Amino acid sequence: MKNIILIAAPAAGKGTLSSMLVDKYNYAHISTGDLLREASLEKTSLGEKISNMLKNGELVTDEIVFELLEKRLSKNDIKNGYILDGFPRTLEQALEYEKIIEKLKLELGIVVVLNTEYETLKKRIVGRVLCKKCGAVYNTLTGVNTPKNEHICDKCGGELYKRSDDNEESFKTRYETYLEKTKPLIKYYEDKGSLFFINGEDKEQMLKEIEVLLHD
Ligand code: ADP
């Protein structure tokens, strides 16, 4: 399958789309946010440093991100195709990524931008809860994927929690960072001729639109 880079504002639907593609096409899902959250749990000064950057909604330094990403891309499960969710987030990262794929002999694939309204993003972030055990994502505000009980996962009975950066203040920082640092990537990939847009408001529609690109 073609490798996919997803570019979108926070909570635009990258994780949801990725999990549908993992289920249906066996893609490897590489979320730098997930890699960083995992690394932030380590009881070391590096873990603590990452944890603070995440909490404030700031971008984590490139050196840390590149190291985690390169390690992840060296695993075998990516050979069937992988989705990059949350990377690259800046032009510098996009340039470095090209060196990484050259070194590891990987293809760029397609770059997909999810278009989602600002108000939708805010509600998704402020109402988002996740399962500690299986990672399932629910929302207590949008009316989509409402958990039956706001503390318990419908799927596995695990405990639901909120990400430390899923509050209005952090969202504002993350959104501004997106506009300033990540959005310019759209032009960069457009010039390379590998860019496509899909609508991120509705789950099934998103899947349909990306499938057209994958089978093209
Ligand atoms: P969202 O896209 O909803 O903000 P993510 O899980 O993709 O959620 O990212 C959460 C946080 O992880 C970001 O706010 C940032 O601090 C950090 N992060 C993720 N990917 C990167 C990256 N490529 N470069 C720097 N920081 C990153």
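Between Val113 and Ile7, Phe196, Phe197, Ile198, the built amide H atoms are under 5 Å apart, and every one of these is 5 or more places off in sequence or on another chain. Mean-square fluctuations from a GNM of the chain, with a 10 angstrom spring cutoff on Cα atoms, peak among Asn76, Asn199, Asn56 at Asn76. Close amide H pairs (under 5 Å, H built 1.01 Å from N) link Asp154 with Lys148, residues at least 5 positions away or on another chain.
Under a Cβ-only charge scheme (Lys and Arg +1, Asp and Glu -1), can you give me the dipole magnitude of the range 56-172 about the Cα centre, in debye to the nearest 20? Mind dumping the intermediate values first?
Working: 19 positive and 21 negative charges, 120 e Å.
The calculation lands at about 580 debye.
The alpha carbon gyration tensor of the chain gives principal lengths a ≥ b ≥ c with a/c below 1.5, which makes the shape rounded. Rounded to the nearest whole Hz, the Karplus-based 3J(HN,Hα) values (6.51 cos²θ - 1.76 cosθ + 1.60, θ = phi - 60°) of the range 125-130 follow the sequence 6, 5, x, 6, 10, 10, with x at glycine and proline.
Rounded to the nearest whole Hz, the Karplus-based 3J(HN,Hα) values (6.51 cos²θ - 1.76 cosθ + 1.60, θ = phi - 60°) of the range 99-112 follow the sequence 5, 4, 5, 5, 4, 8, 6, 10, 9, 5, x, 10, 10, 10, with x at glycine and proline. Near Ala28, the amide H atoms lying under 5 Å from its own belong to Gly81, Tyr82, Ile83; only residues 5 or more places off or on other chains count, and H is placed 1.01 Å from N. What shape does the range 12-134 take by its C-alpha gyration tensor, where a ≥ b ≥ c are the square roots of the eigenvalues and a/c under 1.5 counts as rounded, a/b above b/c as prolate, and the rest as oblate? Rounded shape, in that the Cα axes give a/c under 1.5. For the pair Ser74 and Asp216 in one chain, pulling the backbone fully straight at 0.36 nm per residue adds 48.4 nm over the alpha carbon distance. Peptide packing: for 18-27, 5-14, the average count of neighbouring Cβ atoms within 10 Å per residue gives the ranking 5-14, 18-27, highest mean first. Once you divide the Cα radius of gyration of the range 120-179 by 2.2 N^0.38 Å, the number left is 1.15. Applying the criteria of a DSSP loop state and at most 10 other Cβ atoms within 10 Å to the chymotrypsin sites (Phe, Trp or Tyr not before Pro) of the range 63-131 yields no site.
When you filter the chymotrypsin sites (Phe, Trp or Tyr not before Pro) in the range 128-197 for DSSP loop state and at most 16 other Cβ atoms inside 10 Å of their Cβ, nothing is left.
Based solely on its DSSP helices, what 222 nm [θ] is calculated for the chain when runs of n ≥ 4 H residues each add -39,500 (n - 2.57) and the sum is averaged over all residues, nearest 500 deg cm²/dmol?
Details: 9 runs with 98 residues, N = 216.
The helix contribution divided over the chain gives -13500 deg cm²/dmol.
Which of the GluC sites (Glu not before Pro) found in the range 121-197 are loop residues per DSSP with 16 or fewer other Cβ atoms within 10 Å of their Cβ? Before the final figure, lay out the partial values.
Details: sites: Glu150, Glu159, Glu168, Glu169, Glu176, Glu180, Glu190; in loops: Glu150.
Loop-located and lightly packed - Glu150.
In terms of distances greater than 24 angstrom between alpha carbons, the cross-link table entries Lys123/Lys203; Lys49/Lys105; Lys24/Lys122; Lys79/Lys187; Lys14/Lys132; Lys181/Lys208 yield Lys49/Lys105; Lys24/Lys122; Lys79/Lys187; Lys181/Lys208.
Under the definition of Cα pairs under 8 Å and six or more residues apart, what whole-number percent is the relative contact order of the range 73-216? Show your work: numbers first, answer last.
On the way: 145 pairs, mean separation 39.5, N = 144.
Once divided by the residue count of the range 73-216, the mean separation gives 27 percent.
Backbone geometry of the range 55-67 corresponds, through the Karplus equation with coefficients 6.51, -1.76 and 1.60 at θ = phi - 60°, to 3J(HN,Hα) couplings of 4, 7, x, 7, 6, 7, 4, 4, 3, 5, 5, 4, 5 Hz, x marking Gly and Pro. Listed by chain and number, the aspartates and glutamates placed with their C-alpha closer than 15 angstrom to that of Lys192 are Glu98, Glu107; residues fewer than eight positions away on the same chain are left out. The simple Förster model, with R0 at 25 Å and r as the Cβ-Cβ distance, assigns Tyr25 and Tyr161 a FRET efficiency of 0.30.
No value in this document is a laboratory result; all are computed from the given coordinates. Small disclaimer: the values here were computed from a predicted structure and weren't measured. Note: ideal-geometry Cβ built from the backbone for every residue, glycine included; neighbour counts use all protein chains shown.
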